[in-house]
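Input: a single structure, listed below in structure tokens.
The values are calculated or read from the model by the stated rules, or taken from the named source; none is laboratory data. Because the structure is predicted, anything quoted here is derived from the model rather than measured. Backbone-built Cβ (ideal geometry, glycine too); neighbour counts: all protein chains shown. Remember, those area values only see protein heavy atoms, side chains included, never the ligands or the DNA or RNA. Shrake-Rupley method; radii C 1.70, N 1.55, O 1.52, S 1.80 Å.
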Amino acid sequence: MPSHEDILKEAEASASTNPQRAEQLYKQILDPSSASTSNGTSGNGEREQLLRDQETALVKLAELYRDQKNAKGLSEVITLSRSFMSSTAKAKTAKLIRTLLNFFNSIPGSRQIQIDVLMDNIEWSKREKRIFLKHSLEIRLVALQLEVSQYKPALVRIDTLLTELKRLDDKMILTEVHLLESRVYRGIGNLAKAKAALTSARTAANSIYCPPHLQAALDLQSGVLHAEDKDYTTAYSYFFETFENMSSQDDPGALNALKYMLLCKMMLNLPEDVTSLLSIKLAVKYAQLREIESMRAIALAHQNRNLAEFEKALRDYKDELSSDPTIRSHLAALYDTLLEQNLLRIVEPYSVVEIEYVAQQVGQGRQAVETKLSQMILDKVFHGVLDQGRGCLLVFDEPEADNSYGAALDTLEQVSKVVDSLYAKVRKE
């Protein structure tokens, strides 16, 4: 009978040409019956070698399923690994299961299977009393639930996690969970609680050594929350810190931080700074990527104050600009501002102008323009009235402030003081 080492070599050789054969060979090594046979006849050295071979077979089989984009097969490997994990050190178990779960990242459309696998393994680790493994799996599950906008179950799990972690006083994991809590609250639009959770995360991080990747994640979230408050200058400084930190580690998240930096420049009405920002040393390697090209196209449209170019950029780079909720929401606000500026430029020279003409000039539908003009009048961006019967906009000059009412009140106040003082003198006499 061939040894496990020979079977592994044969499986590796067959992986590219005959994956079905490789799959059978890896499963042969992982077969419990072969393990039990070895248990009865082998010493400690051979037993350890068997465990090493099984670990190799698990990882190689998972890699095979990853290359085949077989999420279901990969989930079966993780379930199969439990019998192996029961006989290994807990630290090694956690590392192995993280490795196997990371293979899902290369398989598109596998999020729901990942969530199911994580929930199943959380229950298993709870039964086996593997507390730290359970916590790390729960953190991963919350991150996935956040990605698929399952905010309510994510918050329920976060509350349970925080209760357990405060008892254990594990500051590192506590920081990660508070950061996730902040992101979830931001996702549901509760900015007050998002800021409170971020403050808790920073407080926990200040009492330990905070790894660079975690510090970068905290800075990124700080920037996002400042951007939500329209404080784009402070947000830019946080995004720049994040970008420098992640670039030095070749973290793919650096691209997002750079996109947010470009977004802040546009929101500050400085689209011309986008080109100079992309010429700095750290940003040069990202300058030709499609994600950055999309931001450059938006900046150019904003600089030209051209709505048609802006809409074309949104259509041409739909996937890049719509996938990120932060960029999507701020670009919607930027588009609204640009439309407002264009409308003001068109109506300002007139005292009466047809709405149809204004709509043609900005390249928008009449109904959308009419709604926007009425909103601008209510917000007192300019003074005017919509005459829907004639289909016209009547634009008025800005009324001069009339100070007579205020002056009259001041005079009456002074007269009142005089009367009071005279009354006081009469009483003394």
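Per DSSP H run of at least 4 residues, take -39500 (n - 2.57); add these up for the chain, divide by its residues and hand me the 222 nm value, nearest 500 deg cm²/dmol.
Calculated mean residue ellipticity at 222 nm is -24500 deg cm²/dmol.
At what distance in nm do the modelled label points of Val352 and Glu293 sit from each other, each positioned 7 Å from its Cα along Cα→Cβ?
5.0
How about Lys60: which lysines have a C-alpha closer than 18 Å to its C-alpha, ignoring those fewer than 8 places off in the same chain?
Straight-line reach from Lys60, under 18 Å: Lys9, Lys27, Lys69, Lys72, Lys92, Lys95.
With each pseudo-label sitting 7 Å past Cα toward Cβ, what's the Met119-Glu164 distance in nm, one decimal?
Spacing of the two 7 Å Cα→Cβ label points: 1.6 nm.
Could you sort the peptides 73-81, 367-375 by per-residue average Cβ neighbour count (10 Å cutoff), highest mean leading? Kindly include the intermediate steps, with their values, before the conclusion.
On the way: 73-81: 19.8, 367-375: 15.8.
So the peptides 73-81, 367-375, ranked by packing, come out 73-81, 367-375.
At 0.36 nm per residue, and after removing the present C-alpha to C-alpha distance, how many nm does the segment from Glu76 to Glu400 gain when stretched out fully?
109.0 nm
For segment 285-322, list residues with backbone N below 18 Å from a point placed 7 Å from the Cα of Glu244 toward its Cβ?
Once the point is set 7 Å along Cα→Cβ of Glu244, 285 turn out to lie under 18 Å by backbone N, inside segment 285-322.
For the chain, with a Gaussian network of springs between Cα atoms less than 10 Å apart, report the residue from His302, His213, His383 with the top mean-square fluctuation.
Of His302, His213, His383, the Gaussian network model singles out His383 as fluctuating most.
Report the relative contact order of segment 136-216, percent, no decimals, based on alpha-carbon pairs under 8 angstrom and at least 6 residues apart. Show your work: numbers first, answer last.
Numbers: 71 pairs, mean separation 22.6, N = 81.
Computed over segment 136-216, the figure is 28 percent.
Connecting C-alpha atoms closer than 10 Å in a GNM of the chain, tell me which of Asn269, Asn403, Asn102 has the biggest fluctuation.
Of Asn269, Asn403, Asn102, the most mobile in the Gaussian network model is Asn403.
For the residue pair Leu409 and Lys9, what label-to-label distance in nm results when each label sits 7 Å from Cα along the Cα-to-beta-carbon direction?
Going from the Leu409 label point to the Lys9 one covers 9.6 nm.
Please report the carbon-and-sulfur percent of the accessible area for the chain; probe 1.4 Å, protein heavy atoms only, DNA, RNA and ligands left out. Before the final figure, lay out the partial values.
Working: 12090 of 23370 Å².
Carbon and sulfur: 52 percent of the exposed surface of the chain.
Calculate how steeply helix 90-102 sits against the longest principal axis of the alpha-carbon atoms of the chain, using the helix alpha-carbon long axis, and give the answer as 0 to 90 degrees to the nearest 10.
60
Suppose R0 equals 60 Å. What FRET efficiency, 1/(1 + (r/R0)^6) with r the Cβ-Cβ distance, do Asp420 and His213 give to the nearest 0.05? Spell out each step's value before the answer.
Values: r = 71 Å, r/R0 = 1.18.
For R0 = 60 Å, the calculated efficiency reads 0.25.
Report ³J(HN,Hα) in whole Hz for each residue of segment 150-160, in order, from the Karplus equation J = 6.51 cos²θ - 1.76 cosθ + 1.60 where θ = phi - 60°; Gly and Pro get x.
8, 6, 5, x, 5, 5, 4, 5, 4, 4, 5
Any lysines with Cα under 21 Å of the Lys259 Cα? List them, leaving off those in the same chain fewer than 8 positions away.
Lys230, Lys281, Lys285, Lys312, Lys318
Taking only protein heavy atoms into account and a 1.4 Å probe, give the accessible area per residue of segment 184-240 in Å².
Result: 45 Å² of accessible area for each residue.
Measuring with a 1.4 Å probe in the full set of protein chains, what accessible area per residue, in whole Å², belongs to segment 341-429? Working shown, then result.
Values: 6600 Å² over 89 residues.
Ligands and nucleic acids excluded, the figure is 74 Å² per residue.
Compute the length gained on full extension between Lys95 and Ser149: take 0.36 nm times their separation in residues and subtract their Cα-Cα distance, giving the result in nm to one decimal.
Details: separation 54, 0.36 × 54 = 19.44 nm, distance 2.75 nm.
Using 0.36 nm per residue and subtracting the Cα-Cα distance, I get 16.7 nm.
Show which lysines lie in cross-link reach of Lys380 when reach means a straight Cα distance below 17 angstrom and same-chain residues fewer than eight apart are skipped.
Cross-link targets: Lys372.
Take the chain, connect every pair of alpha-carbon atoms lying under 10 Å apart with a spring to form a Gaussian network, then pick out the residue of Ser404, Ser182, Ser14 with the largest mean-square fluctuation.
Of Ser404, Ser182, Ser14, the Gaussian network model singles out Ser404 as fluctuating most.
Mean separation of Cα pairs under 8 Å and 6+ residues apart, divided by the residue count of the chain: what relative contact order is that in percent? Display every interim value, and only then the final one.
Working: 389 pairs, mean separation 23.7, N = 429.
Dividing the mean separation by the residue count of the chain yields 6 percent.
Please compute the net charge surrounding Ile188, taking Lys and Arg as +1 and Asp and Glu as -1 over other residues with Cβ under 12 Å from its Cβ. Walk me through the intermediate numbers first.
Working: positive: Lys152, Arg183, Arg186, Lys193; negative: Glu181.
Spelling it out: positives minus negatives among the neighbours equals +3.
Packing-wise, with mean Cβ within 10 Å as the measure, how do 255-262, 222-229, 308-315 rank, highest first?
Details: 255-262: 23.2, 222-229: 20.1, 308-315: 16.1.
Ranking, from highest mean packing down: 255-262, 222-229, 308-315.
Find how many whole Å separate the alpha carbon centroid of segment 101-169 from the alpha carbon centroid of segment 254-315.
So the two Cα centres are separated by 36 Å.
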